[in-house]
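Readers should treat all values here as calculations from the given coordinates under stated rules, not as data from a laboratory. These numbers were taken from a predicted model, which means no experiment stands behind them. When we count neighbours, we look across all protein chains shown, and the Cβ atoms used for this are built from the backbone with ideal geometry, even at glycine.
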Amino acid sequence: MKNTQQITKAMKQVAAAKIRRAEQLQKQSRPYADALSAMLRDLIANVASVDHPFMKPGKEGAPAGVILMTADKGLAGAFNANLIRQAEIYARENTNVVWYAVGFKGRNTLRRRTEAMNADWSLTQGVMLDTAREVAAKVTEDFNSGAIGSIVLIAPKLVSMMSQRPETRSLVPIVAEAQPTGDDAPKGAVEFEPSAEFVLARLLPKYLEFTIYSAMLETNAAFFAAQLIAMNNASDNAKKIIDELTLAMNKARQASITTEILEIVGGAEALAG
């Protein structure tokens, strides 16, 4: 138990160090994500008719393409299990599903359950941005060819260090939001060169890439937060068990010593008698 406690303490320290880096990367990506979302909203508002596959409904009857994002490793409490449970709920509600796994834990679960899986990637091996581009390119190719009718992402949301909540988000097709009217409507016009349609056609693939990349960063940070809590609880539980076993060991040793003393005293009395 003491050896186990040393391992859990070491893993807790590693998770605490890595989560700082993961959170820093996530925070650095937020300004770009906010600017990308704002520009996308402006473009959609200024384009009368959008001739892009992402803005149109997918092929009718085609399965939903679901990106299941989990960690590569375990020992993080119920972190991976909660994401897999969220995927099971989605599969029960939508029977026609094709899976894309990001993270070894999700991949292994889908393989064991013989689910239809088109491709899989590691969450942390290699450059994360390159992996996000590969995932986006694969699901875009399948969506444009009609192999899947939509792109859905199941990934964790880092609410706080103590809470990581699985979320299901629909990424494609993109539904244009209703534009404000009256006093809330924008007063000025935005000009795009060479045209709003051209800029939007270039921006939508980047939107998908960065959405997947941002989700990977958040998954990585959420995993280390969950592992930090799990290893802290494991270290505390190991300490309790060590204390209980030490007390039991001391009682057993004291009982053994008492028995030996009684035997020696009894033998001495017998010889004296």
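Things worth noting here:
- Antiparallel DSSP beta bridges within the chain, as percent of all bridges there, nearest 5: 40 percent
- Around the amide H of I148, modelled in the peptide plane, lie the amide H atoms of F143, all under 5 Å away and 5 or more residues distant in sequence or on another chain.
- Loop-located trypsin sites (Lys or Arg not before Pro) in the range 44-148 whose Cβ has at most 13 other Cβ within 10 Å (DSSP): R113
- Charge sum, other residues only, whose C-beta stays under 14 Å from A234's C-beta, Lys/Arg counted +1 and Asp/Glu -1: +4
- Cα gyration tensor shape for the chain, rounded if a/c is under 1.5, else prolate or oblate: prolate
- Under the simplified labelling scheme, the A45-Q24 pair shows an inter-label distance of 3.6 nm, with each label point 7 Å from Cα along Cα→Cβ.
- Three-way shape label, the range 13-162, alpha-carbon gyration tensor, a/c 1.5: oblate
- 18 Å Cα-Cα threshold exceeded, pairs from K12/K105; K73/K105; K105/K206; K9/K239; K18/K206; K157/K206: K12/K105; K105/K206; K18/K206; K157/K206
- For the chain, adding -39500 (n - 2.57) for each run of n ≥ 4 DSSP H residues and dividing by the number of residues yields -22000 deg cm²/dmol at 222 nm.
- Among residues other than Y213 with Cβ under 13 Å from its Cβ, the summed charge is -1 (Lys and Arg +1, Asp and Glu -1).
- Calculated from backbone phi, Karplus (6.51, -1.76, 1.60) coupling profile of the range 25-31 in Hz, x at Gly/Pro: 5, 5, 5, 5, 7, 5, x
- Top positive-direction residue, dipole computed over the chain with Cβ charges, set A248, P53, V175: A248
- Rounded, prolate or oblate (a/c below 1.5 giving rounded, otherwise prolate when a/b exceeds b/c) for the range 121-169 by Cα gyration tensor: oblate
- Scalar couplings 3J(HN,Hα) for the range 76-91, obtained by applying the Karplus form with A = 6.51, B = -1.76, C = 1.60 to θ = phi - 60°, are 9, x, 9, 4, 5, 5, 5, 5, 5, 5, 4, 5, 5, 4, 5, 5 Hz; x denotes Gly and Pro.
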